[in-house]
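The values are calculated or read from the model by the stated rules, or taken from the named source; none is laboratory data. Only a predicted model underlies this, so the values are computations on that prediction, with no experimental measurement involved. Here the Cβ is made from the backbone with ideal geometry for all residues, glycine too, and neighbour counts use every protein chain on show. The area values use the complete protein model at the heavy-atom level, side chains included, leaving out ligands, DNA and RNA. Shrake-Rupley method; radii C 1.70, N 1.55, O 1.52, S 1.80 Å.
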Amino acid sequence: NHKLLIMPDNLKDQQTLSLSFGIPPRFADWWTGQVFATLTNQRSSTIEPLGTYSFRQNNLRVNASQVLKLPKDFRMEWTGFYETASLVGNVRFDPRATLNIAIQKKLKGNAAFTFGVVDIFNSLENRV
């Protein structure tokens, strides 16, 4: 249970400009997906006992999800994201990424059996 609490008690100001877009590529009848991307420009400044400090960061985050319909009522899905270094107020986070994968077998009726692995590379840690 690692928790990180960030409170903006010394944040003087912050400006954020974001551009987002998404595309739903369909490669075949059995292969569909979605890709979303957000480009962000952030500027912030803090007031510290030793003076005022300014921070600026460009950030790109890409989320993707792909679904493959397989024979015999099987289905495979992978989701993941990659994010370059980012700012939260005056705190800079290192780049981070994750990849999740699952396979599902449809059973009788509306039932299904799903096996999945979250963060398969154990890479999703907040690093400041």
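Here the Karplus relation 6.51 cos²θ - 1.76 cosθ + 1.60, evaluated at θ = phi - 60°, turns the backbone of the range 103-112 into coupling constants of 10, 10, 10, 6, 10, 5, x, 9, 7, 8 Hz, with x for every Gly and Pro. Between the amide H of Thr98 and those of Phe81, distances stay under 5 Å, these residues lying 5 or more places away or on another chain, with hydrogens modeled in the peptide plane. Prolate is the label for the range 71-128, because the ratio a/c of its alpha-carbon gyration tensor axes (a ≥ b ≥ c) is 1.5 or higher and a/b is greater than b/c. Extension gain, Thr16 to Thr52: 0.36 nm times the residue separation minus the Cα-Cα distance gives 11.1 nm.
Accessible area of Ser54 (1.4 Å probe, protein heavy atoms only, ligands and nucleic acids ignored): about 100 Å². When exposed loop sites are taken as trypsin sites (Lys or Arg not before Pro) in a DSSP loop with at most 13 other Cβ atoms within 10 Å, the longest stretch of the chain clear of them is 4-71.
Taking Phe115, Phe121, Phe81 and ordering them by how much accessible surface each has at a 1.4 Å probe, largest first, produces Phe121, Phe115, Phe81.
Using a probe of 1.4 Å on the protein chains alone, the accessible area found for Thr114 is around 80 Å². Calculate the translational D of the range 4-128 in whole µm² s⁻¹ from Stokes-Einstein, where the hydrodynamic radius comes from the Kirkwood formula applied to all Cα pairs, the temperature is 20 °C and the viscosity 1.002 mPa s. It comes out at roughly 123 µm²/s. For the range 49-128, GluC sites (Glu not before Pro) are listed when DSSP marks them as loop and at most 12 other Cβ atoms sit within 10 Å of their Cβ; the list is Glu125.
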